[in-house]
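Okay, so here's the structure we're looking at.
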Amino acid sequence: MQKPYLKQFPDTEGYFGKFGGSFVPEAIAKAMEEINNAYDLIAQNGDFIGELRKIRKDYQGRPTPIYFAHNLTNKYGGAGIYLKREDLNHTGAHKLNHCMGEALLAKFMGKKKLIAETGAGQHGVALATAAAYFGMECEIHMGEVDIIKEHPNVVRMKILGAKVIPVTFGAKTLKEAVDSAFEAYLKDPINTMYAIGSVVGPHPFPKIVRDFQAIVGVEAREQFLEMTGELPDIVTACVGGGSNAMGIFSGFIDDAVDLVGVEPLGLGNKFGEHAASLTYGSEGVMHGFNSLMLKDSSGEPAPVYSVASGLDYPSVGPEHAYLYTQGRTQVATIDDKEAIQAFFELSKCEGIIPAIESSHAVAYALKIAPKLKGKKILVNLSGRGDKDIDFVVKKYGYGE
């Protein structure tokens, strides 16, 4: 009997086909091996699993519900639109799912400090929350551009006790924040745990983050069957690094369900105007892993752009690259204008203000729903839009 997909991938070296692996200096390789060994140990530990389940139920408020978007469904006609409400997870996004797990792992390993990067700020807020819960120090590296754009989340991180480090070099966004956080981590890997914010980075991070996020897919599959008596026809989620998408895809990966990752097309398909790594990227190594990556003429990571700070990354999780090249997942693109339109549509039609990142997946559902009468679309609403409202109103008004 063939093993379920999640039991097969990644392999022992951290590869999903040819993607993944660990391309890091020897000093980091030892730390990565330590993390991997500790994770393999606790993944079998009933006490750890029990504590994580208790945290999810009593602290995070899981399970998050699935909601049938009746107003949007009626307005657009065609397919039924359903939302997995990760915006109702504590801190307002899916990110806490893996941050609490990573912090619990760090505690098990005897670490004193958590360090990470953040783009839109949701990972930073979630990790600062986890650090407060476990009584640990927390340091968040964030691009100067994103600090201005996502000011509410910067305030939240500081209130939670985290030290926010502005990143002032390069494009001053997510890629540079990762560079800066890794550099800081290298100074003290003994006492510090790098808690990466997505299914990216060297092995074992893509596996660890996916496994902690898989709760989204486990819940969604069970809830959808209970609600409708059948599985959705399409499951869709936005993809930057890809943690929320990998989380919900995990629950349906062995089913006859279409899985669609939605990438940010930004201002268009020209170089530097988007961050659609699966759509336009080619194989390359960045931040310690091999995946599909947007490159400049010299083969270095290309400049990228998206209205969504959490999606403007020039590569993508290696598991996404594998699933896409194997034909198991599909990829669509949504530009800034479509994402912002969907942001206002969901807000005004359903009373739910989504994160701009999540709005990309909502926009895709609205685009295809009219053509799919009788079908059911499940959107992973990965986060709420509190963090975005000042920026959106300043740039786009109130959507009238």
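The values are calculated or read from the model by the stated rules, or taken from the named source; none is laboratory data. Computed from a predicted model, the values in this text were never measured in an experiment. Positions of Cβ are backbone-derived with ideal geometry, glycine not excepted, and every protein chain shown enters the neighbour counts. Just so you know, the surface numbers come from the protein's heavy atoms only, side chains and all, with ligands and any DNA or RNA stripped out. Shrake-Rupley method; radii C 1.70, N 1.55, O 1.52, S 1.80 Å.
Against the definition (at pLDDT below 95, among the basic types (K, R) and more than 30 Å from P65 (Cβ to Cβ)), how does K111 come out, yes or no?
Values: at pLDDT below 95: no; among the basic types (K, R): yes; more than 30 Å from P65 (Cβ to Cβ): yes.
So K111 does not fit the description; no.
Just to verify a result, which residue in the stretch 313-324, among those that are within 15 Å of A276 (Cβ to Cβ) and outside any strand (DSSP E or B), is most open to solvent (accessible area, probe 1.4 Å)?
Pass one, the stretch 313-324, residues within 15 Å of A276 (Cβ to Cβ): 313-317, 320-321, 324.
Subset that is outside any strand (DSSP E or B): 313-314, 316-317, 320-321, 324.
Values: Y313: 8, P314: 0, V316: 0, G317: 1, H320: 6, A321: 0, Y324: 80 Å².
So the residue we want is Y324.
If you scan the stretch 16-34, which residues turn out to be surrounded by 13 or more Cβ atoms within 10 Å (Cβ to Cβ), outside any helix (DSSP H, G or I) and not small (G, A, S)?
Kept after step one, since they are surrounded by 13 or more Cβ atoms within 10 Å (Cβ to Cβ), are these residues of the stretch 16-34: 16-24, 28-29, 31-34.
Narrowing the set further to residues that are outside any helix (DSSP H, G or I) leaves 16-24.
Those that are surrounded by 13 or more Cβ atoms within 10 Å (Cβ to Cβ), outside any helix (DSSP H, G or I) and not small (G, A, S): F16, K18, F19, F23, V24.
Would you please name the residue that is most open to solvent (accessible area, probe 1.4 Å), looking only at residues in the stretch 149-168 that are over 23 Å from V199 (Cβ atoms) and at pLDDT below 95? Please lay out each step first, then the result.
Taking the stretch 149-168 first, the residues over 23 Å from V199 (Cβ atoms) are 149, 151-152, 154-156, 158-161, 163-166, 168.
Cutting the leftovers down to at pLDDT below 95 gives us 149, 151-152.
Values: K149: 38, H151: 104, P152: 37 Å².
Among them, the one singled out is H151.
Of everything in the stretch 344-372, what is open to solvent by 10 Å² or more (accessible area, probe 1.4 Å), assigned to a helix (DSSP H, G or I), more than 15 Å from V260 (Cβ to Cβ) and not hydroxyl-bearing (S, T, Y)? Give them in sequence order.
Result: F344, E345, K348, C349, E350, E357, P370.
Return the residues of the stretch 274-312 that are more than 28 Å from K394 (Cα to Cα), among the aromatic types (F, W, Y) and open to solvent by 50 Å² or more (accessible area, probe 1.4 Å); say none if nothing qualifies.
The one that is more than 28 Å from K394 (Cα to Cα), among the aromatic types (F, W, Y) and open to solvent by 50 Å² or more (accessible area, probe 1.4 Å): Y280.
Can you pull out every residue in the stretch 76-95 that is assigned to a helix (DSSP H, G or I) and more than 19 Å from K54 (Cβ to Cβ)?
Residues of the stretch 76-95 assigned to a helix (DSSP H, G or I): 76, 86-88.
If the condition is that a residue be assigned to a helix (DSSP H, G or I) and more than 19 Å from K54 (Cβ to Cβ), then Y76, E86, D87 are the ones that fit.
What residue, of M286, M293, is without any contact (Cβ under 8 Å) to a residue 24 or more places away in the chain and within 19 Å of G143 (Cβ to Cβ)? Break it down stepwise before answering.
Working: M286 fails: without any contact (Cβ under 8 Å) to a residue 24 or more places away in the chain.
After applying the criteria, what remains is M293.
Which residues, taken from the stretch 35-75, are in a helix (DSSP H, G or I), of a type in the set (S, T, Y) and within 24 Å of F224 (Cβ to Cβ)? Before you say what the answer is, go through the steps one by one.
Of the residues in the stretch 35-75, the ones in a helix (DSSP H, G or I) are 35-42, 46-60, 70-75.
Now restrict to residues that are of a type in the set (S, T, Y): 39, 59, 73.
Within the stretch 35-75, just T73 meets the criteria.
Evaluate the stretch 186-199: report whether one residue or more is open to solvent by 10 Å² or more (accessible area, probe 1.4 Å) and under 29 Å from T236 (Cα atoms).
Checked against the condition, which is being open to solvent by 10 Å² or more (accessible area, probe 1.4 Å) and under 29 Å from T236 (Cα atoms), the stretch 186-199 yields at least one hit.
Select from the stretch 124-148 the residues that are open to solvent by less than 20 Å² (accessible area, probe 1.4 Å), closer than 24 Å to V316 by Cα and not small (G, A, S) and list them in ascending order.
V125, L127, I140, H141, M142, D146
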